[in-house]
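*Asks:* Before anything else, here's the structure in question.
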Amino acid sequence: MKNHLRRLFERGAIPQRTVLLMGILVAVTAAVWMVFWGVGTFAMPVGTREIFFQAMLEGGTVMLTVMIGVATVILMYEQTRASARQWKIAVWDKRYTIYEETMKFLAGVARSARTTREELTGFLRGTRARSFLFGEDIERHLEAVYETGNRMLLLQAKLEHGRVDEVKLELELQDLVEWCIKAEEISREMFQEYLSVREK
């Protein structure tokens, strides 16, 4: 048990604040128990000391059990947090790659007010692991980005063929471009939760 706790502490699975809290808990419990023991030794009549000390021993056993329970809960909580933090760090590179692909595509649309089949295919290929690395919020957002890109390609194809409703098509295309521009900031905010490794 001692070696296991030492390994957890060395890996950072048990933060220093947790060790400090457990130390304070042990110290306070020991101090209270010693105060009562002193009271029983010097202030109580001889005839009642045996009964008092027996009660002290039973109370000490209960307190020790409670301390062990509290320490176990604290350790389990900290190990759970540490595991989640380590997993988040382990997948950070893959998540950031998807973030980069998303921002690259949206920035390209904002810059040229157009997109290409190659750019959209590159975006889809670069973000295909999104369902394994993010929650439904990011997955839905990236699907909306892809659908917007597809719609842009359709409108661009119609404009290239010289449709009579060219003005209407240009206005709709401009709306999609503006959506992509706004999606850049939205994407930064949404990805922040998944990419930040700072303690909250």
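*Asks:* Which of the residues that make up the range 91-105 are touching a Ser or Thr at 6+ places or on another chain (Cβ under 8 Å) and buried (at least 18 other Cβ atoms within 10 Å of the Cβ)?
*Replies:* Residues of the range 91-105 that are touching a Ser or Thr at 6+ places or on another chain (Cβ under 8 Å), as a first pass: 98-99, 101-103, 105.
Matches in the range 91-105: I98, Y99, E101, T102, F105.
*Asks:* Only one of (1) surrounded by fewer than 15 Cβ atoms within 10 Å (Cβ to Cβ); (2) touching an Asp or Glu at 6+ places or on another chain (Cβ under 9 Å); (3) without any contact (Cβ under 8 Å) to a residue 12 or more places away in the chain fails for G108. Which number is that?
*Replies:* (1)
*Asks:* On the basis of being under 29 Å from the mean Cα position of the chain (by Cα), without any contact (Cβ under 8 Å) to a residue 40 or more places away in the chain, surrounded by fewer than 15 Cβ atoms within 10 Å (Cβ to Cβ) and not in a helix (DSSP H, G or I), does R140 make the cut? Walk me through it before giving the result.
*Replies:* Details: under 29 Å from the mean Cα position of the chain (by Cα): yes; without any contact (Cβ under 8 Å) to a residue 40 or more places away in the chain: yes; surrounded by fewer than 15 Cβ atoms within 10 Å (Cβ to Cβ): yes; not in a helix (DSSP H, G or I): no.
When the stated conditions are applied, R140 does not pass them.
*Asks:* Among the listed residues K182, K94, which satisfies the condition of being modelled with pLDDT under 95 and of a type in the set (K, R)?
*Replies:* Details: K182 fails: modelled with pLDDT under 95.
From the options K182, K94, the qualifying one is K94.
*Asks:* Okay, moving on. Name, by its number, the condition in (1) on the phi > 0 side of the Ramachandran plot; (2) of a type outside the set (D, E); (3) in contact (Cβ under 8 Å) with a residue 60 or more places away in the chain that does not hold for G162.
*Replies:* (3)
*Asks:* Could you tell me whether any residue of the range 164-171 is farther than 19 Å from E100 by Cβ and either surrounded by 15 or more Cβ atoms within 10 Å (Cβ to Cβ) or among the aromatic types (F, W, Y) (or both)? Quick ask: steps written out before the conclusion?
*Replies:* Taking the range 164-171 first, the residues farther than 19 Å from E100 by Cβ are 164-171.
Now narrow it down to the ones that are either surrounded by 15 or more Cβ atoms within 10 Å (Cβ to Cβ) or among the aromatic types (F, W, Y) (or both): 169.
Yes.
*Asks:* Return yes when R114 is surrounded by 14 or more Cβ atoms within 10 Å (Cβ to Cβ) and not in a helix (DSSP H, G or I) and no when it is not.
*Replies:* Values: surrounded by 14 or more Cβ atoms within 10 Å (Cβ to Cβ): yes; not in a helix (DSSP H, G or I): yes.
It is true that R114 is surrounded by 14 or more Cβ atoms within 10 Å (Cβ to Cβ) and not in a helix (DSSP H, G or I).
The values are calculated or read from the model by the stated rules, or taken from the named source; none is laboratory data. These figures come from a predicted structure and were not determined experimentally. Cβ sites come from the backbone with ideal geometry, for glycine too, and all protein chains shown count toward neighbours.
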